[in-house]
Amino acid sequence: MNEAAPGIRRLCIAIATDAPALLPGHRPDGPEARGGLAAFPGDPSPRASLGAVLDEACGAAGVQRVHWVPWPEGGELGVFPPGIDEGRVVAAFTRELCRAVAEANDAQDDVQAGGDRVGSDRVGSDRAGGGTVRLRLRVALHQGITRCDEGGYSGRAVVKACQLLDAEVLRRELAASPGADLVFIVSAELFDDVAGEDHTDLRRSEFRQVTVPGPLAGPDLLAWVSTRRSPARVGGTAAPW
């Protein structure tokens, strides 16, 4: 790493798909290595990829999508530019991500209902419990000092965002809510700044505090978790949640 790379405070978002290795067509050398997740089986639309969903969410939220790195195993790390309005960006991004995931899953539901692909290679369950593949995400948000150089992003903030993303409590939360499409975990430091009355998309009452075991010989991490279901359709589109 370049020792001269400055440490700058940035908002970090780490995203992982639910059990990506189980999804048909997922390969480390496949298209999901560039977009985060292979297309849903039976759906040729690129909207079904994680990369396309994130493109749509960021575009609708008015935030940049240039500092994102896809992970071959499924997922992406996003580092936003310094100086942004973190409260607005977090609220808008989480809202629009819920919408984009809902629309992608609704499109897949329509494909399945039309009989284009029905078989034993489907994974997960649809909102009615019928067996349709859905895009389900774990999302971790944190802010702190990061460093950017030719090798990518590093710094304690990036490490902590990834630790929160990998927390067992987050995996259990999503597994215990089969009707949910997303589960968010927000570091205590960021949550105190962006959640509250000023940001109605991030109501404190919709989160619960959790403790994430820290790294070896390190302190535990305090965070807040919220599970979100997709918005219900209204007139064929996703309604606000």
Task: Accessible solvent surface per residue of the stretch 62-111, calculated while the other protein chains remain in place, 1.4 angstrom probe, Å² - done: 34
TODO: Beta carbons within 10 angstrom, averaged per residue: use that to sort the peptides 88-99, 214-225, 157-168, highest first.
DONE: 88-99, 157-168, 214-225
Task: Rounded to whole Hz, the Karplus (6.51, -1.76, 1.60) HN-Hα couplings of the stretch 163-170, x for glycine and proline - done: 4, 5, 4, 8, 4, 4, 4, 6
Open item on the list: Under 5 Å between amide hydrogens, which residues at least 5 positions from residue 182 or on another chain qualify, with H placed 1.01 Å from N in the peptide plane?
Closed with: 137, 228
Open item on the list: Under the rule of at least 5 residues apart or a separate chain, name every residue whose amide H is placed under 5 Å from the amide H of residue 9.
Closed with: 146
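The values are calculated or read from the model by the stated rules, or taken from the named source; none is laboratory data. Not measured: the values here are computed from a predicted model. Neighbour counts are summed over all protein chains in view; Cβ atoms, including those assigned to glycine, are modelled from backbone coordinates with ideal geometry. These accessible areas exclude ligands, DNA and RNA; they are computed on the full protein's heavy atoms, side chains included. Shrake-Rupley method; radii C 1.70, N 1.55, O 1.52, S 1.80 Å.
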